[in-house]
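**Student:** For reference, the structure I am asking about is given below.
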């Protein structure tokens, strides 16, 4: 970044050292968040926790935070956008970390709605008279991240063999009640915004499939020298279907001749795997439901470039870097940019720095008392509470 200057009453001009096709897009999500400098200075390190709260700008304003229990927002009547003026006077976000507790709260009407519905509760909630279960757009791919490429999983052939040995269709049936699709790419098809559906489909169909083929997987693993090497697979109860997924991947590892060990980590400590290299030491694979905030594949492919923070296994491929950098440097609507992203996807699917398992829709429960919420992962960035109203 070359400079940031205030150039008007409501304008800031940013000058970059080189082109970046993602910059303007990121300004629409978390990196573009605007905050009061006065508030940040006053709260210091306490900003954003239960003692100081947050300084919101939107259809609602911060009301109260009962740590570990709920956050309450109240309507801001002077919000500037008439189309998104809040319909409800108050909204409470309650914290129910236990999946069974959440499901019971929805089914009883104690809580009016929520996202990330546990798949094992789909049948119960479909049969409930208290509301309706919805599925919508998602940009998430459930994958096993290869977090150590210095060991046996550093061999591309072993990664391919492990994915081929994993019964991904079985995972979808057992872990997601069949409401998911085996992943065909590192990214979901709906992230290719502006690219004709036919072109996206042709691209996806050209990628390696890694169909479940245990005999071929065993042969490939033997060729790569697999002979009882230990791998550690991290998992956590924080993820929906984590037990099903981890058991299936561990079985696949055993089937191709590896010696898997499952390490279960508490949800609070599991998050450190994504931020602290020391926490990943000794772990070969860990599970993620990785979503993109933008409808642009480069948000994910940028993660896998050499030396990037979220390239957790320190994977590096010069051809991939070349394609990814070309896509970053190009104008967003330049035709060649699509080709560069497709090339990055092809290389990633051939080399498998992550093992893509499946893609599931966004699941949402909406009770009978309310309406106005869309079942889409866009809820992470859209003022969803503004449109909630009573039936």
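**Student:** Being more than 29 Å from residue 145 (Cβ to Cβ), within 23 Å of the chain's Cα centre (by Cα) and either without any contact (Cβ under 8 Å) to a residue 60 or more places away in the chain or in a loop (DSSP other than H, G, I, E, B) (or both) is the requirement here; does residue 332 meet it?
**Tutor:** No; evaluated as a whole, the condition is false for this residue.
**Student:** If you don't mind, there's one more thing I want to ask. So, of the residues in region 123-135 that are surrounded by 14 or more Cβ atoms within 10 Å (Cβ to Cβ) and touching a residue at least 40 places away in the same chain (Cβ under 8 Å), which turns out to be farthest from residue 176 (Cα to Cα)?
**Tutor:** 130
**Student:** Please enumerate the residues belonging to region 1-47 that are touching a helix residue (DSSP H, G or I) at 6+ places or on another chain (Cβ under 7 Å) and without any contact (Cβ under 8 Å) to a residue 24 or more places away in the chain.
**Tutor:** Within region 1-47, 16, 32, 47 meet the criteria.
**Student:** A further question follows. So which of 339, 321, 368 is surrounded by fewer than 21 Cβ atoms within 10 Å (Cβ to Cβ) and not assigned by TED's automatic domain parsing to the domain that holds residue 298?
**Tutor:** Of the residues listed, the single one that is surrounded by fewer than 21 Cβ atoms within 10 Å (Cβ to Cβ) and not assigned by TED's automatic domain parsing to the domain that holds residue 298 is 368.
**Student:** Also, quick follow-up: Do you know which of the residues in region 195-222 that are closer than 22 Å to residue 304 by Cβ and in contact (Cβ under 8 Å) with a residue 40 or more places away in the chain is surrounded by the most Cβ atoms within 10 Å (Cβ to Cβ)?
**Tutor:** The selected residue is 210.
**Student:** Would you say residue 250 is in contact with a helix residue (DSSP H, G or I) (Cβ under 8 Å, 6 or more places away or on another chain) and part of a helix (DSSP H, G or I)?
**Tutor:** Taking the combined requirement at face value, the residue does not satisfy it.
**Student:** Let me ask you something else. Looking at 114, 89, 109, can you tell me which residue is closer than 30 Å to residue 177 by Cα, at pLDDT 90 or above and more than 23 Å from the chain's Cα centre (by Cα)?
**Tutor:** Step by step, each of 114, 89, 109 is checked, and only 109 is closer than 30 Å to residue 177 by Cα, at pLDDT 90 or above and more than 23 Å from the chain's Cα centre (by Cα).
**Student:** Right, here's the next one. Identify, please: which residue in region 262-291 is part of a loop (DSSP other than H, G, I, E, B) and out of contact with any strand residue (DSSP E or B) (no Cβ under 8 Å at 6 or more places or on another chain) and is, among those, farthest from residue 190 (Cα to Cα)?
**Tutor:** The residue in question is 281.
**Student:** So which residues in region 136-183 are under 16 Å from the mean Cα position of the chain (by Cα) and free of Cβ contacts under 8 Å to residues at least 60 places away in the same chain, if there are any at all?
**Tutor:** Hits for region 136-183: nothing passes.
**Student:** Filter region 215-241 down to residues that are at pLDDT 95 or above and more than 12 Å from residue 163 (Cβ to Cβ), then give me how many there are.
**Tutor:** 17
**Student:** Against the conditions (1) part of a loop (DSSP other than H, G, I, E, B); (2) at pLDDT 95 or above; (3) closer than 30 Å to residue 307 by Cβ, where does residue 143 fall short? Just the number, please.
**Tutor:** Here residue 143 meets the rest and fails (1).
**Student:** Across region 269-287, which residue is nearest to residue 171 (Cα to Cα) among those that are touching a helix residue (DSSP H, G or I) at 6+ places or on another chain (Cβ under 8 Å) and buried (at least 17 other Cβ atoms within 10 Å of the Cβ)?
**Tutor:** Step by step, filter region 269-287, then rank; the result is 287.
**Student:** Any residue that is modelled with pLDDT of 95 or more, assigned by TED's automatic domain parsing to the domain that holds residue 180 and more than 20 Å from the chain's Cα centre (by Cα) - is there at least one of those in region 266-273?
**Tutor:** no
**Student:** Is it the case that residue 44 is outside the structural domain of residue 237 (by TED's automatic domain parsing), under 30 Å from residue 193 (Cβ atoms) and surrounded by fewer than 13 Cβ atoms within 10 Å (Cβ to Cβ)?
**Tutor:** Here the answer is no, as residue 44 does not meet what is asked.
**Student:** Can you tell me which residue in region 371-391 is surrounded by the most Cβ atoms within 10 Å (Cβ to Cβ), limited to those that are under 18 Å from the mean Cα position of the chain (by Cα) and part of a helix (DSSP H, G or I)?
**Tutor:** The qualifying residue surrounded by the most Cβ atoms within 10 Å (Cβ to Cβ) is 377.
**Student:** Can you tell me which residues in region 373-385 are under 15 Å from residue 92 (Cβ atoms) and in contact (Cβ under 8 Å) with a residue 40 or more places away in the chain?
**Tutor:** If the condition is that a residue be under 15 Å from residue 92 (Cβ atoms) and in contact (Cβ under 8 Å) with a residue 40 or more places away in the chain, then 373, 385 are the ones that fit.
**Student:** Somewhere in region 66-85, is a residue under 24 Å from the mean Cα position of the chain (by Cα), more than 30 Å from residue 172 (Cβ to Cβ), buried (at least 16 other Cβ atoms within 10 Å of the Cβ) and not assigned by TED's automatic domain parsing to the domain that holds residue 293?
**Tutor:** Scanning region 66-85, I find at least one residue that is under 24 Å from the mean Cα position of the chain (by Cα), more than 30 Å from residue 172 (Cβ to Cβ), buried (at least 16 other Cβ atoms within 10 Å of the Cβ) and not assigned by TED's automatic domain parsing to the domain that holds residue 293, so the answer is yes.
The values are calculated or read from the model by the stated rules, or taken from the named source; none is laboratory data. Predicted model, so just to flag it, every value in this text is computed and none were measured. For neighbour counting, all protein chains shown are included, and Cβ atoms are generated from backbone atoms with ideal geometry for every residue, glycine included.
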